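For reference, the structure is listed below as structure tokens.
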Amino acid sequence: MIDLAHCRTLDARDPLRAVRDRFARPAEDTVYLDGNSIGAMPADAASRVERVMLEGWRDARRRGWNRFDWLEKPWRMGEGLAHIVGAGQGDVLFCDNTTINLYKILGYAWQLDRSRPVIVTEAHNFPTDTYVAEGLARLVGGGAALLRIHEPRELDGALSRRKVGLLYLSHVDYRSSRRWNMAKINELARARGVLTVWDCSHAAGAIPVDLAGTGADFAVGCGYKYLCGGPGAPAWLYVHPRHQDRAWPVIAGWMGHADVFAFAPTYEPLRGVRRQQTGTPSILANEAMSAAIDIWRDVKREDLAWKHRSLSELTTALLEQECGKFGVRITSPRDYDEQGGHVGFSHPGAGSVCEALLEHGVVSSFRKPDVIRFGISPVAISHEDVWVAVSRLRHVLETEIWREPRFAKVSV
Ligand SMILES: *Cc1c(COP(=O)(O)O)cnc(C)c1O
């Protein structure tokens with residue numbers, strides 16, 4: 001039997017205890033288990049953004065470009081994140097949003113070998129990922145097409161096809177929380193001469209990601225989920241050093257020019273990952289993201305790994321212990337090494353249960369037809385939070401309060 005005392009013992013052992021205090025406490029008494037949608041706010045994010053507005057915008061304006069680190073921020077933030085995703089220093093860049101970065105990176109990777117224009121992806125990849133690939137294929141022609149696999153076992157056969165040059169996957173499935181074994185898949189792709197593009201949106205900042213160590217070729221990810229960069233935060237991208245200088249970026253923008261302020265009439269790419277910059281960065285959004293990055297700089301990879309595993313295993317065990325008899329069934333992978341950022345479970349009344357939980361101070365998310373997701377953000381939640389959330393869920397189920405008509409309308 002797991003009890004509250006056990007959860008508190010785990011918290012006392014938590015190497016990221018102090019990190020948690022660097023995030024702002026929300027105004028209401030909620031346990032926030034939706035860090036997979038929008039992560040927690042760093043305590044100093046608001047004052048930092050305000051300072052940029054006042055000192056940078058009100059006072060300095062154009063002179064801000066010289067006075068502050070606005071132009072350097074995109075790659076300085078990349079340096080701060082690199083260890084969390086197992087990337088080398090200087091191989092990660094923050095810019096644009098995830099969708100745009102997917103387009104840039106997929107197009108860049110695609111043009112490296114036009115003789116093999118077919119892109120393998122999952123039929124159930126995140127919608128924007130699939131759309132971007134479809135749109136790119138229409139634009140470039142030349143035999144570009146998507147080959148969609150439905151089951152992991154179809155992967156090897158797909159990669160062995162003659163015209164396949166790219167493998168394009170989400171590290172973690174946003175619904176099922178199933179995690180691909182990045183090391184194994186990269187090895188398989190390498191053996192078939194296929195380049196890999198990973199979307200780490202539902203992985204980075206939660207589970208261990210090791211881009212360089214597993215030999216990934218390219219990756220992108222979201223800034224506002226587990227990375228806590230704020231609503232609409234800039235996204236990041238990664239290019240392995242062996243590919244950084246092989247081609248022009250798909251969007252040859254002036255901020256990726258070898259000499260930005262020369263205003264040269266023709267394009268010449270910067271060296272390295274920085275050629276993937278497009279235009280003027282979002283200075284205000286970057287400041288909020290930087291507040292989070294300054295926290296990530298102090299997070300050790302192994303501490304993050306320990307905590308996410310510990311919280312995930314606790315959540316799974318407590319859901320079964322406390323709520324199994326009320327119809328809760330775990331739907332995310334049982335083997336932690338196959339699990340992504342969130343723990344998912346089904347219940348026949350999931351939509352209404354999720355609504356009732358909200359009223360009881362637990363923020364989770366519902367996915368049709370019957371799954372609730374508990375996003376596990378290791379920097380922002382404690383083991384005791386998990387205990388509280390599951391206790392509230394138990395109450396909602398035991399009393400059947402979720403059946404009340406006011407919970408029938410399910411929000412998104
Ligand atoms: C959240 C998410 C995105 C989001 O893309 P935006 O351009 O930021 O809206 C893309 N891909 C995956 C896999 C995601 O989880």
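Points worth noting:
- Total residues in the stretch 87-100, condition farther than 16 Å from Asn286 by Cα and either among the acidic types (Asp, Glu) or in contact (Cβ under 8 Å) with a residue 24 or more places away in the chain (or both): 6
- Annotation: of all residues in the stretch 199-233 being under 23 Å from Pro281 (Cα atoms) and in contact with a Pro (Cβ under 7 Å, 6 or more places away or on another chain), the one that is farthest from the ligand (Cβ to nearest atom) is Cys228.
- The listed residue being farther than 19 Å from Gly221 by Cβ and of a type in the set (S, T, N, Q), out of Ser170, Ser160, Ser176: Ser160
- Ser47 over 23 Å from the mean Cα position of the chain (by Cα), under 29 Å from Pro249 (Cβ atoms) and of a type in the set (Ser, Thr, Tyr): no
- Selection count where residues are open to solvent by 40 Å² or more (accessible area, probe 1.4 Å), out of contact with any His (no Cβ under 7 Å at 6 or more places or on another chain) and within 21 Å of Ala380 (Cβ to Cβ), scope the stretch 276-330: 8
- Subset of the stretch 73-106 (residues that are within 20 Å of Asp245 (Cβ to Cβ), more than 16 Å from the ligand (Cβ to nearest atom) and open to solvent by 10 Å² or more (accessible area, probe 1.4 Å)): Trp75, Glu79, Ala87, Gly88, Gln89, Gly90, Asp91
- When the stretch 184-219 is filtered for residues that are among the β-branched types (Val, Ile, Thr) and part of a loop (DSSP other than H, G, I, E, B), the ones remaining, listed by number, are Val194, Ile207, Val209, Thr214.
- Residue under evaluation His342, criteria (1) closer than 29 Å to Gly229 by Cα; (2) open to solvent by less than 50 Å² (accessible area, probe 1.4 Å); (3) touching a helix residue (DSSP H, G or I) at 6+ places or on another chain (Cβ under 7 Å), criterion not met: (3)
- Reported count of residues in the stretch 133-175, each being open to solvent by 20 Å² or more (accessible area, probe 1.4 Å), within 14 Å of the ligand (Cβ to nearest atom) and modelled with pLDDT of 95 or more, is 1.
- Number of residues in the stretch 107-130 that are in a helix (DSSP H, G or I), in contact (Cβ under 8 Å) with a residue 12 or more places away in the chain and within 12 Å of the ligand (Cβ to nearest atom) equals 3.
- Any hit, the stretch 181-198, residues being more than 12 Å from the ligand (Cβ to nearest atom), within 22 Å of Arg309 (Cβ to Cβ) and among the small types (Gly, Ala, Ser): yes
- Qualifying residue in the stretch 185-194 (condition: under 21 Å from Gly39 (Cα atoms), out of contact with any Lys or Arg (no Cβ under 6 Å at 6 or more places or on another chain) and surrounded by 17 or more Cβ atoms within 10 Å (Cβ to Cβ)): no
- Residue match in the stretch 361-374 (condition: surrounded by 24 or more Cβ atoms within 10 Å (Cβ to Cβ), within 22 Å of Arg179 (Cα to Cα), β-branched (Val, Ile, Thr) and under 22 Å from the mean Cα position of the chain (by Cα)): yes
- Residues of the stretch 377-409 satisfying the condition of being touching a strand residue (DSSP E or B) at 6+ places or on another chain (Cβ under 6 Å) and either surrounded by fewer than 13 Cβ atoms within 10 Å (Cβ to Cβ) or assigned to a loop (DSSP other than H, G, I, E, B) (or both): Ala380
The values are calculated or read from the model by the stated rules, or taken from the named source; none is laboratory data. Small disclaimer: the values here were computed from a predicted structure and weren't measured. Positions of Cβ are generated from backbone atoms using ideal geometry, with glycine treated the same way; all protein chains shown enter the neighbour counts. Surface areas here come from the heavy atoms of the whole protein model, side chains and all, with no ligands, DNA or RNA. Shrake-Rupley method; radii C 1.70, N 1.55, O 1.52, S 1.80 Å.
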